[in-house]
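Participant: Have a look at this one before I ask anything.
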Amino acid sequence: MNGAEALIQSLSESGVDVCFANPGTSEMQLVAAIDGQKNMRAVLGLFEGVVTGAADGYGRMADKPALTLLHVGAGLANGCANLHNAKRAYSPVLNMVGDHASYHLQYDAPLTSDVAGVARPFSDWLATSKSSDDLVKVGTDALRAALQFPGQVATFIAPADHAWDEANLTLNTEPPEAPRTSQSKVEAAINALGHDGPTAILLGARALREDALAMAGRIADGTGAKLISETFSTRLQRGAGRVAPERIPYFGELAADFLKNFEQVIIVGTTPPVSFFAYPDKPSWLLPDGVEPVILATPHECPLDALSRTIDGLKEKGVDIADRPKNVQASMIPPVDDGPLHPVAVGGVLAELMPDNAIISDGAATAGLAIFPMTAGTKHHDWMMLTGGAIGQGLPVGIGAAIACPDRKVICLEADGSAMYTIQSLWTMARENLDITTVIINNGSYA
C-alpha cells in the first residue's frame, strides 16, 4: 500500500471515522485512500473555514477528533480562524494539510508557502512528514497529541510524494489518560472553601459537563460558595434539573462589577478571567485587587478527579456534603409577548420549542447574550459558544455536532454578519441531510 493508504488505515483502526475535507491536487492520493476506507465518512466543505469549524464542533460533542484535509498553505490559511476557535475550546482536532511533493518545493511553484509557519500559531502540536513510512508515524503521533486531555489541535503536513510512495507499516494509538491535579492544589482549594469571606468557584471547559457540575454544586451547597462560569464555554450542559452556574458578563466593566465582592476565587477547568478587549483606563485583569486565584485544576487536568478529591477532603474536615446537589435550575418557560421579534423574544420561542437533548451552536454574537438566559429552565440541552472570538463559527460547528450526534437536534443561532463568513456551511448541511435548524439573527448592524 502507499503512504496515504497506510496512514488512513492506521487512523481508522485508531478510531478516527470522519474526515472533513477541502482537498486539492496535492491531496488526491489521500482522497483516494479515504474513499477506499469503508469505516471513514468523508464530508466535503466548500470553504476551509467550514472544514475546520466542523472539526471543532465534532470534537466538542464526540470528545475525539475528526480528521481534516486541507490543500497546502493557502487552504490552511483559509481555515485558520476556526482553528483558532478550536484551540481556544480545547477541542480535539486532527488537522492534516497536504503539500507539494518534497522534491518540488525547490522550484517555488505558485502555491508554495511556509505551511508550518502558517500552522504554528493555530496548533498545539505540529510536525511534517519526512517519508512515506514517517507519514504514518507522524499521523498517529498527531492523533495521540489531539487526544491529550481535554483536546488539542494537532497539525501534520503531508507532502504529496509521501502519500503516493510505498509504505511498509501501519500503526495505531490509544488515548492517553487525563492528568490529575496535585494534592497540594486540592488542599489549597479546601482551605479557601473554609474561609469565611465570599467565595466563588469558577468553572470552564470540561468542568461544565453535567457530572462535574453536579459535583461542584454539592461543594457549593455544603460550603456556601457561589458557582460561576467562564463567559464563553466550549460546551455547557444545562436545562431544568441541572446545576446552573452564573455566567460572567461579557463586557469588562460588568464582569469586574460581577466579581468585585469575592475574596476567594477557586478555578476549575479554565483560566483567570480577563476582559475580551483592552479599553482606556479600564482593567484587563478582572479579579478584585488582592485576590489571588486558587487553581484547583487547569483546563488540562481532569475536573472530575479534582472535584471528587475536594469533596472527600471536605468530608474529612466535617463539612456536610450531600450526595446530590440541592440548588438546581428550576423548570421555567418564559412568556413571549406579542410584538417585535427581538433577541429576548427569540430566546422565549426557543425555550418553548426546543426538543429534549438539543444542541445549540451559538454564533449569534451580542444577540446570543440576550437569548441565553431565556433558555436556562427549558429541557436538557448542550450550548456551544464562540470560545476564540473569531466570528464565522456557528454554522460549521453545528455541522460537526450534527455528524457527531445524529440522533440529536442541532440549532444554529447565527448573527447576520457572522453567517456570511462561512455561509457555504448551508451547502454541506443540505448535502449531508443533517438535522439542523438555522436561525439568522438579522439586526442589520455591527452592534
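Quick note: the coordinates plus some simple rules give every number you see, no bench work behind them. Since we're looking at a predicted model, the values are computed, not measured. As a convention, Cβ positions derive from the backbone with ideal geometry for all residues, glycine included, and neighbour counts pool all protein chains shown.
Participant: For residue 250 and residue 407 in the same chain, what is the full-extension length gain: residue separation times 0.36 nm, less their Cα-Cα distance, in nm?
Facilitator: 53.3 nm
Participant: Of 226/379; 38/64; 317/379; 87/409, which pairs sit farther than 31 Å apart, going by alpha carbon to alpha carbon?
Facilitator: The answer is 317/379.
Participant: Which whole number in µm²/s is D for the stretch 1-126 by Stokes-Einstein, with the Kirkwood Rh taken over Cα pairs at 37 °C and 0.692 mPa s?
Facilitator: In µm²/s, the coefficient is 225.
Participant: When ranked by the protection proxy of mean other Cβ atoms within 10 Å per residue, highest first, what sequence do the peptides 155-162, 178-185 form?
Facilitator: Values: 155-162: 25.2, 178-185: 14.9.
Going by the mean number of other Cβ atoms within 10 Å, highest first, we get 155-162, 178-185.
Participant: Next question, about the same structure. With springs only between Cα atoms under 10 Å apart, run a GNM on the chain and tell me which of 383, 164, 285 wobbles the most.
Facilitator: The residue that fluctuates most here is 285.
Participant: Another question, then. If you place +1 on the Cβ of every Lys and Arg and -1 on the Cβ of every Asp and Glu, how big does the dipole about the Cα centre of the stretch 268-368 come out, in debye to the nearest 20?
Facilitator: Details: 6 positive and 14 negative charges, 40 e Å.
Dipole about the Cα centre, nearest 20: 200 debye.
Participant: If you average the C-alpha positions of the stretch 205-279 and of the stretch 82-115 separately, how far apart do those two centres end up, in angstrom?
Facilitator: So the separation of the two Cα centres works out to 36 Å.
Participant: Something else about it: What is the distance, in nm, between label points placed 7 Å from the Cα along the Cα-to-Cβ direction at residue 39 and at residue 327?
Facilitator: A separation of 4.7 nm, rounded to one decimal place.
Participant: Additional query: Which whole-percent values make up P(r) of the stretch 183-316 when all C-alpha to C-alpha distances are grouped in 10 Å steps starting at zero?
Facilitator: Answer for the stretch 183-316: a P(r) of 13, 47, 33, 7, 0 percent.
Participant: With charges set only on the Cβ (+1 for Lys and Arg, -1 for Asp and Glu), what does the dipole of the stretch 343-441 come to about its Cα centre, in debye to the nearest 20?
Facilitator: For this selection, approximately 40 debye.
Participant: Using a Förster distance of 41 Å, how high is the FRET efficiency between residue 240 and residue 187, based on the Cβ-Cβ distance and rounded to 0.05?
Facilitator: That pair, residue 240 with residue 187, gives E of 0.70.
Participant: Among 117, 23, 86, which residue has its Cα furthest toward the positive end of the charge dipole of the stretch 3-164, with +1 on Lys/Arg Cβ and -1 on Asp/Glu Cβ?
Facilitator: 86
Participant: When only alpha-carbon atoms count, how far does the stretch 343-441 stretch along each of its three principal axes, as whole angstroms with the largest first?
Facilitator: Sorted from largest, the Cα extents of the stretch 343-441 read 33, 29, 21 Å.
Participant: If we restrict to alpha carbons, what Rg and Dmax does the chain come to, in Å?
Facilitator: Just the Cα atoms of the chain yield Rg and Dmax of 22.8, 72 Å.
Participant: So what is the 222 nm mean residue ellipticity for the chain from helices alone, if each DSSP H run of at least 4 adds -39500 (n - 2.57) and you divide by all residues, rounding to the nearest 500 deg cm²/dmol?
Facilitator: -11000 deg cm²/dmol
Participant: While we're looking at this one, here's another question. Suppose every Lys and Arg Cβ carries +1 and every Asp and Glu Cβ carries -1, with no other charges. What dipole size does the chain come out with about its Cα centre, to the nearest 20 debye?
Facilitator: Working: 31 positive and 50 negative charges, 145 e Å.
Using Cβ point charges on Lys, Arg, Asp and Glu, the chain gives about 700 debye.
Participant: Would you mind getting me the FRET efficiency between residue 369 and residue 169? Use the beta-carbon distance for r and R0 = 41 Å, nearest 0.05. Could the numbers behind the result be given before it?
Facilitator: Working: r = 51 Å, r/R0 = 1.25.
The value I calculate is 0.20.
Participant: For the stretch 310-336 and the stretch 381-447, compute the distance between their C-alpha centroids and round to whole Å.
Facilitator: Taking the Cα centre of the stretch 381-447 as reference, the centre of the stretch 310-336 is 33 Å away.
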